[in-house]
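This report refers to the structure that appears directly beneath it.
The values are calculated or read from the model by the stated rules, or taken from the named source; none is laboratory data. Remember, it's a predicted structure, so these values are computed and weren't measured experimentally. Note: ideal-geometry Cβ built from the backbone for every residue, glycine included; neighbour counts use all protein chains shown. The protein model used for the area step is the full one, side chains on, heavy atoms only, and it has no ligands, DNA or RNA in it. Shrake-Rupley method; radii C 1.70, N 1.55, O 1.52, S 1.80 Å.
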Amino acid sequence: MNVEQFNQTLAHEGLLVAGGAPPLPAKRIPWHVVALAGFGAWLAAIFVLMALGVGALPLLESRIVRGAAGLVACVVCAGFARRRDAVDRATEHRQVFGIAETASSASSGGVFGAQFQTAMSLTGFGLIVSAILLRSEWSMPHSSSLVYAEIMAVAIVLWWFNPQAAHRQLMAWAALAALVVLLGVVGGLPLAPPILAAGAALIWLTQSRWSAFGARHAIDALGTAAAGLLILLPVGFNGFGVVEALGVSALERHGVGASLAGLLAVVPWLPVSLIGLSLIAASLAIAARHQAGVAFKAGLCVAIVCVTVASWRAPGIVACLLVWALATATGRGLLRAGALLGLCFHLFHLYYDLQSSLLAKGGVLLASGAVVLLIRVSLQWAKPR
Amino acid sequence: MASVWTSITFRNTGPMCRRSRRDLVIDAQQRGTRATSVRAFAEAPDPRRYTAWTPTGEKRVAEATDGTGPGTTGAIARTVRSDDVLALLEHGRLAHPQLERAMQLAGCVPTRAGWIRQLDRLLAGLAMLLIVAGVACIVAYNWAGLGRWGRFGLAQAGMLALLVAIAWRGLASVGGRRLLMVAIALLGPLLALFGQTYQTGAETHDLLRVWALLAIPWVLASGYAPAWLLWLVLAEAAMLTMIFDLDRWSSVLFAGLSTWATVAALNLAALLFWEWGARRFESLAGRSGQRLIATVLVGTLTVATCLAFFSVPAEGIGVAPWVWLVVLGVGYYVYRFHRLDVAMLSLGWLSMTIVLLAGMGRMLNSLNSLAFLLLLIAAALIASSVLGRQWLGRIASGSREAG
């Protein structure tokens, strides 16, 4: 449905609070023109930074100078971005329905400037992170959890204060990635997916509340990052892949870390169960919105428990199902496509890892297909009428 | 409940903007309007009143909103997204309890019945995927013991089953056409199996070329735009792999043409054919084919021109900048004044920027200061991006107003 028809439908259904028809949407610049300008901006930023880097390389060897330069870059870019955001918001108030054009109004005004600032701010963030890491002399096994906590704090501050859409998204990813590594450092990496699952479910199912508070863009970025990491993270889940690659897996396993590691050794199915619980909670909340009956809800819970038990060695499957449900419930097509791709990937990863012959794998795959068909039939039977 | 429309929206555009319906159809396709709506508009007896289909397949008659008469239309309003609905909530135009209903009306989130349908599709898709993978595993387990006859028999039995299904569905149905596309896609693996079994020594571009050639009758039979696009991807892949397989840029092929020139000439011919065919055949309608061909054509010429700047020894490379210049000039005239296509103009601008940077890199190579050189390149890039965005944005806005 296009905007014009939607305006008419809302008015016809009497759903609009204030009187008067909403104005027509703003014109849109074609995506390839915006992409061209954005690509040019990033390339130009890289050249400018390389030029500055070549000139100022000796100065940047100092940790203090590096951190200060990064801070200045971030503050200046955030200032420009906030000014641009204020102008965009004023335009939105005049043209209530055009908010989805924010990024592109970004745009129509100067996608080049916005992307250039983003590139510069990201460089600033990189300089601050390198200054933090330099304190531990780039030697990861000697890093402490404090390093990752500091990186996470910097990313959170930038996520909140720089409203540029792409920058905000990247900072949300950086903050959550730092949180995951931090959990790895203290021995609680397997708990990262359940935490992300709970966070993503909470954010996406309450998005209307955030909109009412005017924090939609910031929280959306965080929700997307949580859901995205949730799809990607369980890949190296059992092997502590990400954190071991950084060389910090054996660190700080004392106190809370040791207890966590001990607990997870005893109950390895705890993380997948927690993700399954998030999926059940999200599904029940969605079902409640549609006034589904008790039989349907019970059938849904049983199906989710079956899938969770069957995929306890591959938590990514349940995680992707959760993201799929949340994305469908909130109309996020890209996230839904990501969840479906992730689901295929995790399914094949699970069967690929089976220590058995191809014939046995084929048999298991066929049996799994039959079970899924059975679930489908039972859902058909239990569907609300 | 109000119907969810997939339709073309008309704007009052004035008598200066009268255009033929065929141009409007192409314009609508360029703007990403769904094929069913475009076809509906193309076939409607009165452009102000035409048939459209809802996503659920219901046939409706739509009224053009504020059209001023036959052939005076064009602008397409954008589709509603969930962000738009949330924006209404954020600005107090929508009450909180009405959000879900508004989202459903916009088609952003499914209704109760829609959820069941989505879940059903997901489970059906998953089951199909698992069963196909299971069968593939079992076949792979027994592959070594199958022998040549067994392998070819199995592969061709699969193909035959597909053809029977196509014959059963019929090529008039979308399902039949899609199955034919699957058959076209499976031709490649069948040829690869032949090459592997008999060790033909064929290169990748040979495989792709034969694949594309064998697919031609099927593509013609399908009369289906996505099938043509698939064929085009195969043909372009064959041409591009030919460049890299045949001693990169320096080989001379037939008629004394070097590899890059052959690829450029074939693509130019393909572009002319596609532009001609798009106005005559439904299966070639749309702009994706032309854009894909133009990307390969301009890309090849851009790389050849950059190589010429850096004096890379390659057959006939000295002519490349002139060919590039002519192609870009003619392209500008055609896609700016004859048939407006902002995507093509963007492609040309991108090519010009790349050649400009390569030229600067060549000329300023002798500079001692690397930092200064990088800053100069950055300045040129900034200027090019800003000017390009302004120019293309102006054309795009102008075309909307005119449309």
**Item:** Which of B:THR111, B:THR200, B:THR302 is most accessible, then next, and so on - probe 1.4 Å
**Value:** B:THR200, B:THR111, B:THR302
**Request:** Over all alpha-carbon pairs of segment B:261-307, lay out the pair-distance distribution in 5 Å bins, whole %, shortest bin first.
**Result:** 5, 24, 28, 20, 12, 7, 3, 1
**Request:** Starting from the coordinates of the alpha-carbon atoms of segment A:281-367, obtain the Kirkwood hydrodynamic radius over all distinct pairs and give the value in Å to one decimal.
**Result:** 14.4 Å
**Request:** Apply the Kirkwood formula to segment B:130-234: the hydrodynamic radius equals the inverse of the mean of 1/r over all pairs of different alpha-carbon atoms; give it in Å with one decimal.
**Result:** 14.9 Å
**Request:** Provide the solvent-accessible area of A:CYS306, counting protein heavy atoms only and rolling a 1.4 Å probe, rounded to the nearest 10 Å².
**Result:** 70 Å²
**Request:** Just read off the accessible area of B:VAL164 with the full protein assembly in place, 1.4 Å probe, to the nearest 10 Å².
**Result:** 100 Å²
**Request:** With only Lys, Arg, Asp and Glu charged, each at its Cβ (+1 for the first two, -1 for the last two), find how big the charge dipole of segment B:107-206 is about the Cα centre; round to the nearest 20 debye.
**Result:** 420 debye
**Request:** Could you work out, residue by residue across B:389-396, how many beta carbons of other chains sit within 10 Å of that residue's beta carbon, and then give the average as an integer?
**Result:** 5
**Prompt:** Using a 1.4 Å probe on protein heavy atoms only, how many Å² of accessible area do B and A hide from each other, summed over both chains and rounded to 100?
**Reply:** 8100 Å²
**Item:** Alpha-carbon Debye profile of segment B:344-403, log10 I(q)/I(0) at 0.13 Å⁻¹
**Value:** -0.44
**Item:** Accessible area of B:SER258 in the full protein assembly, 1.4 Å probe (Å², nearest 10)
**Value:** 10 Å²
**Item:** Rg to Rh quotient for segment B:262-403, alpha carbon positions, Kirkwood Rh
**Value:** 1.03
**Message:** Which order do you get for B:TRP168, B:TRP324 if you rank them by accessible area with a 1.4 Å probe, largest at the top?
**Reply:** B:TRP168, B:TRP324
**Message:** Give the average, rounded to an integer, of partner chain Cβ atoms located within 10 angstrom of each Cβ in B:303-310.
**Reply:** 0
**Request:** Report, to two decimal places, the Cα Rg of segment B:80-135 normalised by 2.2 N^0.38 Å (N = number of residues).
**Result:** 1.65
**Asked** Just counting partner chain Cβ atoms within 10 Å, what average do the residues of peptide B:348-358 show around their Cβ?
**Response** 1
